[in-house]
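A.B. asks: I have a structure I would like to understand better, so I am pasting it below and will then ask my questions one at a time.
The values are calculated or read from the model by the stated rules, or taken from the named source; none is laboratory data. Note that the structure is predicted; figures quoted are calculated from it, not measured. When we count neighbours, we look across all protein chains shown, and the Cβ atoms used for this are built from the backbone with ideal geometry, even at glycine.
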Amino acid sequence: MKAAVLKAFGEPLSVRQVPDPALGTGEVVVDVVAAGVLPYMAEVLSGERQYLLTLPATPGAGAVGRVRSVGPDTTRLTVGDWVLCDPTVRSRDGAPTPDITLQGLSARGDGGLRLQQHFGRGSFAEQLLVPTENVFPLGSIDPAEAPRWAALNVCLVPYGGLLAADLKAGETVLVNGATGYFGSAGVAVALAMGAGRVVAAGRNRDRLAQLAHRFGSRLRTVSLTGDEDEDRDRMRRAHDPIDVVLDLLPPAAGTAPVRAAAMTVRESGRVVLMGGVGMLGGDDLALPYPWFMRNSITVRGQWMYPPHANTRLIELARSGLLDLDQFEVTEFDLDNAGQAVAHATARAPFSLTVIRP
Ligand SMILES: NC(=O)c1ccc[n+]([C@@H]2O[C@H](COP(=O)([O-])OP(=O)(O)OC[C@H]3O[C@@H](n4cnc5c(N)ncnc54)[C@H](OP(=O)(O)O)[C@@H]3O)[C@@H](O)[C@H]2O)c1
């Protein structure tokens, strides 16, 4: 099969013939139809992000495709089914704390790297080997719309955070980094889950205005200044009370805007940290102990999402509650994988770059 291969960090991707995946028990091979490209994939491939990715690697986290072949223990999937592939691969011998590798992207620790040796190849390829439990039926879809369904791989990230926050219908969510790639998807997912209001915080005024136009009266925007105290006041004034804060800031943001947002949450509120802050060093997130204690605040981190999130999010999309038509898709063929990675860096909200092998 044909695949994009990274031989060394900082080198361009080369698209070439590699061996087809060898199917085993507990596994499925999927013909990739659409593989979404992360906006920071260029930083991963350059080595800037310092992600654990064993070389040579085929990048690409997640895909939409059709089942090509199934292992002997498969009971429901059949050849030709349209499926969503979840890149979050968990070891099967490590419950309740499995090792994790993100296919075609990174790993957590030595165990994650061991798992990567078998399941590490990503979706910038004609075929993808996936653990059976990571393959989720989409039902019947219009083949022309397959790239748009790859937006589920984007929406799953903030959905994981909102599930972690146990968001209830009618509650108010503040999304920190709402003008970003995952943050803007988080706004759409929170509204789809029934959030009464979403407070969208960001610095880019044009993008805030676009969000306001897109989502109407359930959205409140807050323009951030970079001054921690001023920004906290602005966010608090946007809506009272804020039940949940979902933070999705990148490493470059540092901790001050995270703290500003976290301390807007109401008494007994929940704060979920999902961004990349601190991943490349910098200050620790200094949270004032008495404020969190006296206000009974829950702070939790969330990496990716639980397996059941896939099925539920597919249902949110199939039912129309989550409108994937909001995403504007730009397609590249596999031979132009490098161009696709460069194109994705634009990071515009609701713009999805997809490779179609
Ligand atoms: N936990 C997980 O499972 C998971 C999964 C995927 C990704 N992530 C993390 O999510 C992070 C965000 O990714 P992304 O692609 O959405 O990033 P992005 O598109 O670059 O978005 C960044 C957002 O952060 C805001 N921002 C940046 N610097 C800021 C500052 N100093 N003060 C306030 N706001 C600031 C931006 O606001 P303006 O544009 O308005 O300035 C924008 O809204 C990634 O870095 C990644 O590490 C986590």
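A.B. asks: Filter the stretch 196-228 down to residues that are part of a strand (DSSP E or B) and more than 11 Å from T179 (Cα to Cα) and give me whichever is farthest from the ligand (Cβ to nearest atom).
C.D. replies: Here the answer is R197.
A.B. asks: Filter the stretch 107-135 down to the residues that are small (G, A, S) and either farther than 23 Å from G47 by Cβ or out of contact with any Gly (no Cβ under 8 Å at 6 or more places or on another chain) (or both) and list them by number.
C.D. replies: Initial filter on the stretch 107-135 (small (G, A, S)): 107, 109, 111-112, 120, 122-123, 125.
Within the stretch 107-135, G109, G112 qualify.
A.B. asks: Working only within the stretch 230-245, note down all residues that are away from the ligand (no atom under 14 Å from the Cβ) and either assigned to a strand (DSSP E or B) or charged (D, E, K, R) (or both).
C.D. replies: D233, R236, R237, D240, I242, D243, V244
A.B. asks: Determine which member of the set T255, T264 is polar (S, T, N, Q) and over 23 Å from K168 (Cα atoms).
C.D. replies: Step by step, each of T255, T264 is checked, and only T255 is polar (S, T, N, Q) and over 23 Å from K168 (Cα atoms).
A.B. asks: So, in the stretch 39-59, of the ones that are of a type outside the set (A, V, I, L, M) and farther than 23 Å from Q17 by Cα, which residue ends up farthest from the ligand (Cβ to nearest atom)?
C.D. replies: Of everything passing the filter in the stretch 39-59, G47 is farthest from the ligand (Cβ to nearest atom).
A.B. asks: Further, regarding this structure: Across the stretch 309-330, which residue is nearest to the ligand (Cβ to nearest atom) among those that are touching a strand residue (DSSP E or B) at 6+ places or on another chain (Cβ under 8 Å) and of a type in the set (S, T, N, Q)?
C.D. replies: Across the stretch 309-330, the extreme among qualifying residues is N310.
A.B. asks: Another question, if that's okay. Taking the stretch 246-258 as the region of interest, how many residues are within 9 Å of the ligand (Cβ to nearest atom) and either more than 19 Å from the chain's Cα centre (by Cα) or assigned to a loop (DSSP other than H, G, I, E, B) (or both)?
C.D. replies: Residues meeting the conditions: 6.
A.B. asks: While we're looking at this one, here's another question. Is it fair to say D333 is within 16 Å of the ligand (Cβ to nearest atom) and either touching a Ser or Thr at 6+ places or on another chain (Cβ under 6 Å) or under 25 Å from A63 (Cα atoms) (or both)?
C.D. replies: Answer is no for this residue.
A.B. asks: Restricting to the stretch 171-195, name every residue that is small (G, A, S), surrounded by 24 or more Cβ atoms within 10 Å (Cβ to Cβ) and more than 9 Å from the ligand (Cβ to nearest atom).
C.D. replies: A188, A190, A195 - these are the residues of the stretch 171-195 that are small (G, A, S), surrounded by 24 or more Cβ atoms within 10 Å (Cβ to Cβ) and more than 9 Å from the ligand (Cβ to nearest atom).
For (1) at pLDDT below 95; (2) away from the ligand (no atom under 11 Å from the Cβ); (3) over 24 Å from T225 (Cβ atoms); (4) in contact with a strand residue (DSSP E or B) (Cβ under 7 Å, 6 or more places away or on another chain), each residue gets a yes or a no:
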{"position": "A262", "(1), (2), (3), (4)": "no, yes, no, yes"}
{"position": "G269", "(1), (2), (3), (4)": "no, yes, no, yes"}
{"position": "M274", "(1), (2), (3), (4)": "no, no, no, yes"}
{"position": "D283", "(1), (2), (3), (4)": "yes, yes, no, no"}
{"position": "N295", "(1), (2), (3), (4)": "no, yes, yes, yes"}
{"position": "R300", "(1), (2), (3), (4)": "no, yes, yes, yes"}
{"position": "W303", "(1), (2), (3), (4)": "no, no, yes, no"}
{"position": "P307", "(1), (2), (3), (4)": "no, yes, yes, no"}
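A.B. asks: Continuing with this model, one more query. When the residues of the stretch 31-60 are narrowed to those that are among the small types (G, A, S) and touching a Ser or Thr at 6+ places or on another chain (Cβ under 6 Å), which ends up surrounded by the fewest Cβ atoms within 10 Å (Cβ to Cβ)?
C.D. replies: A42
A.B. asks: Among the listed residues D229, D243, D233, D283, which satisfies the condition of being under 23 Å from the mean Cα position of the chain (by Cα) and charged (D, E, K, R)?
C.D. replies: Every option except D243 fails the conditions.
A.B. asks: Looking only at the stretch 1-34, which residues are under 21 Å from T78 (Cα atoms) and either without any contact (Cβ under 8 Å) to a residue 40 or more places away in the chain or among the small types (G, A, S) (or both)?
C.D. replies: Result: A22, G24, G26, A34.
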